[in-house]
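Student: First the structure, then my questions, so here it is.
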There are 2 protein chains.
Amino acid sequence: MADEVPYAPERIRELPSWLLGRAAARGHRLVAEALAAEGVRMMHHAVLASVAELGPVSQATLSRTLRVDPKEMVAIVRDLHSEGLVHRKPDPADQRKHAISLSPAGADLLSRTERLGAAANNALTESLTPAERGQLIDLLNRIIAPGR
Amino acid sequence: MADEVPYAPERIRELPSWLLGRAAARGHRLVAEALAAEGVRMMHHAVLASVAELGPVSQATLSRTLRVDPKEMVAIVRDLHSEGLVHRKPDPADQRKHAISLSPAGADLLSRTERLGAAANNALTESLTPAERGQLIDLLNRIIAPGR
DNA sequence: CGTTATCGTGGGGACTCCCCAACGATCGGA
DNA sequence: TCCGATCGTTGGGGAGTCCCCACGATAACG
């Protein structure tokens with residue numbers, strides 16, 4: 001039988017979709033490990049970062065902007081709210097909506113998790129030069145949203 | 001409250017890990033949709049492709065080479081075998097192992113699913129020039145396996 | 001005013017990634 | 001030759017992600 005091979009066979013490993021999946025998995029592992037030091041999950045961190053930038057903001061907007069299932073967003077915001085990391089108030093202008101905003105504790109945690117996330121991303125791209133990293137970001141953005 | 005925003009906030013969307021996740025998700029959607037035309041799931045296709053290139057090959061080797069949980073590989077190979085797409089025989093040299101090989105029906109299906117997969121990957125990278133696509137592949141390979 | 005859409009939230013499923021384990025087979029070293 | 005370590009297959013489980021559906025309350029639109 002064929003000896004063990006170190007990575008995917010040729011007809012697979014040259015497919016962008018496959019490579020993106022593998023690279024994304026490695027990125028996910030690195031970031032998740034880094035954020036675990038603060039007991040924060042990756043998507044919780046992303047929500048905190050989004051609330052920091054967009055708040056006050058509805059859960060539906062957060063779901064769309066982060067491409068997260070609205071039901072998962074309900075659970076994430078509930079977690080963050082129960083830990084005092086965000087405020088969740090009814091929107092006075094629209095009774096359907098909650099207005100999610102960052103609490104001081106959330107801002108404090110976010111400053112630490114952002115550094116952890118940045119370090120993990122640096123480890124992820126350590127084999128690239130800064131110019132190559134910029135190129136990668138550009139190429140990925142054009143894959144994600146071809147028309148933009 | 002903030003108007004709807006079309007994509008992730010700034011501090012998120014410039015992170016390679018985030019972009020890789022989004023790009024990978026789009027790649028996954030495109031390939032899964034394309035392969036659905038032949039009723040084949042993405043990982044089933046990857047296993048067929050791997051068996052075609054490496055066969056006869058053990059399930060453990062397939063798991064390692066494709067980075068799939070050994071338990072999922074058991075289920076995938078069982079599916080493929082029950083549909084007559086692979087042969088699964090005891091390895092005469094090592095009774096622990098199965099020797100997985102491609103059947104004629106599997107080869108036939110693979111030729112079609114490879115074209116579907118290629119078309120999906122072309123759609124995924126349609127906004128890149130061929131040179132840029134090559135660059136992307138190179139960058140992703142260096143992220144996946146920094147030392148290679 | 002009636003219709004359509006949205007928000008938040010709930011039900012579910014399938015898939016992926018991770019943990020653990022058991023059992024029989026194999027291999028290398030003493 | 002025996003024993004301990006490892007391998008391959010297969011099973012248990014959980015958590016997270018992505019997708020489907022639905023409902024009641026509210027808002028927007030014509």
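The values are calculated or read from the model by the stated rules, or taken from the named source; none is laboratory data. Note that the structure is a prediction, hence the values are computed from the model and not measured. Every residue, glycine as well, gets a Cβ built from its backbone with ideal geometry; the counts of neighbours run over all protein chains shown. Quick note on the areas: whole protein, heavy atoms, side chains included, nothing else; ligands and nucleic acids left out. Shrake-Rupley method; radii C 1.70, N 1.55, O 1.52, S 1.80 Å.
Student: Please report the carbon-and-sulfur percent of the accessible area for chain B; probe 1.4 Å, protein heavy atoms only, DNA, RNA and ligands left out.
Tutor: 51 percent
Student: Excluding ligands, DNA and RNA, what is the accessible area buried between chains A and B, summed over both sides, using a 1.4 Å probe, to the nearest 100 Å²?
Tutor: 6300 Å²
Student: Here's a follow-up. Return the Cα extents of region A:10-127 along principal axes one, two and three, sorted largest first, each rounded to a whole Å.
Tutor: Cα extents, longest axis first: 57, 28, 20 Å.
Student: Report the local net charge at A:ALA119: Lys and Arg +1, Asp and Glu -1, summed over other residues whose C-beta lies under 13 Å from its C-beta.
Tutor: Residues close to A:ALA119 contribute a combined charge of -2.
Student: What residue among B:SER101, B:SER82, B:SER58 shows peak mean-square fluctuation when chain B is described by a Gaussian network model with Cα springs under 10 Å?
Tutor: Answer for the Gaussian network model of chain B: B:SER82.
Student: Also: Using protein chains only (no ligands, no nucleic acids) and a 1.4 Å probe, work out which residues of region B:52-69 have their accessible area cut by at least 20 Å² relative to the chain alone.
Tutor: Output list: B:GLU53, B:LEU54, B:PRO56, B:THR61, B:ARG64, B:THR65, B:LEU66, B:ARG67.
Student: Can you list the aspartates and glutamates whose alpha carbon is less than 15 Å from that of A:LYS71, not counting same-chain residues fewer than 8 positions off?
Tutor: A:ASP79
Student: Now, a different point. What are the principal axis extents of the Cα atoms in the protein assembly as shown, in Å, biggest first?
Tutor: 70, 38, 36
Student: Here's a follow-up. Mind checking the dipole of chain A: about its Cα centre, +1 per Lys or Arg Cβ, -1 per Asp or Glu Cβ, Debye to the nearest 20?
Tutor: Taking the Cα centre of chain A as origin, the dipole is about 500 debye.
Student: Can you give the relative contact order of region A:10-127 as a percent, counting alpha carbon pairs under 8 Å and 6+ residues apart?
Tutor: 30 percent
Student: What residue of chain B has the nearest C-beta to the axis that moves B onto A, and what is that distance in Å, given as a whole number?
Tutor: Spelled out, residue of B and its Cβ distance from the axis onto A: B:ALA24, 2.
Student: Follow-up question, since we're still on this one. Counting Lys and Arg as +1 and Asp and Glu as -1, what is the net charge of the other residues whose Cβ lies under 11 Å from the Cβ of B:GLU53?
Tutor: Around B:GLU53, the charge tally is +1.
Student: Something else: Treating only the Cβ atoms of Lys and Arg (+1) and Asp and Glu (-1) as charged, compute the dipole magnitude of the protein assembly as shown about its Cα centre; round to the nearest 20 debye.
Tutor: 280 debye
Student: At 1.4 Å probe radius, can you tell me the per residue accessible area of chain B in Å²?
Tutor: Dividing the accessible area of chain B by its residue count gives 49 Å².
Student: What are the nm distances, shortest first, from A:GLU132 to its equivalents in the other copies, labels at 7 Å along Cα→Cβ?
Tutor: 1.9
Student: Please list, in order along region A:91-101, the HN-Hα scalar couplings obtained from phi with the Karplus expression 6.51 cos²θ - 1.76 cosθ + 1.60 (θ = phi - 60°), rounded to whole Hz, x for Gly and Pro.
Tutor: Each residue's phi maps through the Karplus curve to give 7, x, 7, 8, 6, 6, 9, 9, 9, 9, 9 Hz.
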